[in-house]
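Notes for the one structure printed next.
None of the figures in this text is laboratory data; all of them are computed from the coordinates on show. Note that the structure is a prediction, hence the values are computed from the model and not measured. Here the Cβ positions follow ideal geometry from the backbone for every residue, glycine too, while neighbour counts run over all protein chains shown.
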Ligand SMILES: Nc1ncnc2c1ncn2[C@@H]1O[C@H](COP(=O)(O)OP(=O)(O)O)[C@@H](O)[C@H]1O
Ligand SMILES: [Mg+2]
């Protein structure tokens, strides 16, 4: 962890439950308009992490894998805030992005969690928290968390504190 630059943190996860916990810690820290991008191969754990983020943020019912619809909207009961869970695996180029209303989502106060952001990389704002999930072994995952922009540096530092407080 000490070798990472200040805008990066690597968390080692040894189970889906641990990944959900990390996600939940992040979800508790989210604010209106935040953008979280999740990369990694199929089965890496992007949806598992998303579920944790949603749980920490307060989504009920929980986030699931957005199979048919690329965008799943979640609302939080206590304040009506919204979280958009977006899976771009099946997107067919930028024209689709317009159809999905991604611009509106990114301009709004909704939180956006995007799986497969590389599908439309140039289209997304630079300022974001990006998490790359790398497979280590069957249950092992490296969560490589990278902050771009001031808001996301704050978020990363808060997550670092939360992660340290836990271990
Ligand atoms: N440490 C871990 N973190 C997250 N998922 C894990 C981990 N270890 C094993 N898994 C398994 O890997 C799979 C990840 O699936 P999923 O989250 O749908 O992947 P993705 O959305 O990246 O395609 C699940 O079956 C989960 O149980
Ligand atoms: Mg997924």
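Summary of values
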| read-out | value |
| --- | --- |
| Bins of 10 Å from zero: percent of alpha-carbon pairs in the stretch 105-167 | 17, 44, 32, 7 |
| Relative compactness, the chain, computed as alpha-carbon Rg over 2.2 N^0.38 Å | 0.97 |
| Helix-derived mean residue ellipticity, 222 nm - over the chain, DSSP H n ≥ 4, -39500 (n - 2.57), to 500 | -10000 deg cm²/dmol |
| Antiparallel bridge percentage (DSSP; both residues within the chain; nearest 5) | 60 percent |
| Percent RCO, i.e. relative contact order, over the chain, from Cα pairs under 8 Å lying at least 6 residues apart | 31 percent |
| Modelled FRET efficiency - R0 30 Å, residue 107 with residue 162, Cβ distances, 0.05 increments | 0.55 |
| Gain on full stretching of the segment that runs from residue 95 to residue 10 - 0.36 nm per residue minus C-alpha separation | 27.2 nm |
| Shape category assigned to the stretch 1-97 from the gyration tensor of Cα positions, a/c cut at 1.5 | oblate |
